[in-house]
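Structure record follows, encoded as structure tokens.
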Ligand code: G3P
């Protein structure tokens, strides 16, 4: 499963890129607002920081305006994936932009039926929002499983499942088990993936025992 980071904060992306674990970045209008910088400027900077796909979301809601915005965003860098909402206009814009050869990430997906429509529209990625379904007491991870089953039933559907709205380490693990192709992970959760108390305790014991030998490797 590929790891994208879900942020528009350049300093967070720079720090995580150093881990070698970053396969891409996703942003959305709320994350751009949080970054507090001009969108086109920050997207251009992010696209230079990572080789993988960088999702930049249109804010128009009508097909032709979505296509115009999408083309402008895609022109920023070759690794831009245009993010489009799961509406009929968004799916029509998806078909036009993928037809132009651009990557498209169809977002705000909350049902398997929506994911099927996005794949039929030629989406590069589909973003089911796991956490927001869980917030309502629904089973967000079941949606990933259902989309995986539907896509695997039809070789014509080549869309990659990009698990989004990730809230916990368990969400990352469960998304990988459910067969998501990508998870877009908040920076804090990505850094938590490495943590386990038994690892820290075990290393402390190894080093304490090694110290008693008086030996050194170099
Ligand atoms: O990429 C989508 C993601 O940013 C949404 O996450 O936490 O706002 O549901 P959240």
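See the values below:
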read-out: Residue check, residue 212 free of Cβ contacts under 8 Å to residues at least 40 places away in the same chain and farther than 30 Å from residue 8 by Cβ; value: yes
read-out: Residue check for residue 179: under 29 Å from the mean Cα position of the chain (by Cα) and at positive phi; value: yes
read-out: Wholly within the stretch 109-167, helices (runs of 4 or more DSSP H) carrying at least 2 residues that are more than 15 Å from the chain's Cα centre (by Cα) and away from the ligand (no atom under 15 Å from the Cβ); value: 112-120, 140-152
read-out: Test for residue 77: is it touching a strand residue (DSSP E or B) at 6+ places or on another chain (Cβ under 8 Å) and either in contact (Cβ under 8 Å) with a residue 40 or more places away in the chain or part of a loop (DSSP other than H, G, I, E, B) (or both); value: yes
read-out: Unmet requirement for residue 189, which otherwise passes all of (1) in contact (Cβ under 8 Å) with a residue 40 or more places away in the chain; (2) more than 22 Å from residue 119 (Cβ to Cβ); (3) surrounded by fewer than 22 Cβ atoms within 10 Å (Cβ to Cβ); (4) within 14 Å of the chain's Cα centre (by Cα); value: (1)
read-out: Residue match in the stretch 70-90 (condition: surrounded by fewer than 19 Cβ atoms within 10 Å (Cβ to Cβ), more than 26 Å from residue 8 (Cβ to Cβ) and modelled with pLDDT of 95 or more); value: yes
read-out: Per-region count, the stretch 92-108, residues crowded, with 21+ Cβ neighbours inside 10 Å, under 19 Å from the mean Cα position of the chain (by Cα) and more than 16 Å from the ligand (Cβ to nearest atom); value: 1
read-out: Yes/no for residue 31 being surrounded by fewer than 20 Cβ atoms within 10 Å (Cβ to Cβ) and more than 16 Å from the ligand (Cβ to nearest atom); value: no
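Matching residues to (1) more than 21 Å from residue 126 (Cβ to Cβ); (2) in a helix (DSSP H, G or I); (3) within 16 Å of the ligand (Cβ to nearest atom):
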position: 170; (1), (2), (3): yes, yes, yes
position: 173; (1), (2), (3): no, yes, no
position: 180; (1), (2), (3): no, no, yes
position: 191; (1), (2), (3): yes, yes, no
position: 194; (1), (2), (3): yes, no, no
position: 198; (1), (2), (3): yes, yes, no
position: 203; (1), (2), (3): yes, yes, no
position: 206; (1), (2), (3): yes, yes, no
position: 209; (1), (2), (3): yes, yes, no
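The values are calculated or read from the model by the stated rules, or taken from the named source; none is laboratory data. These numbers were taken from a predicted model, which means no experiment stands behind them. Neighbour counts run over all protein chains shown; Cβ positions are idealised from the backbone, glycine included.
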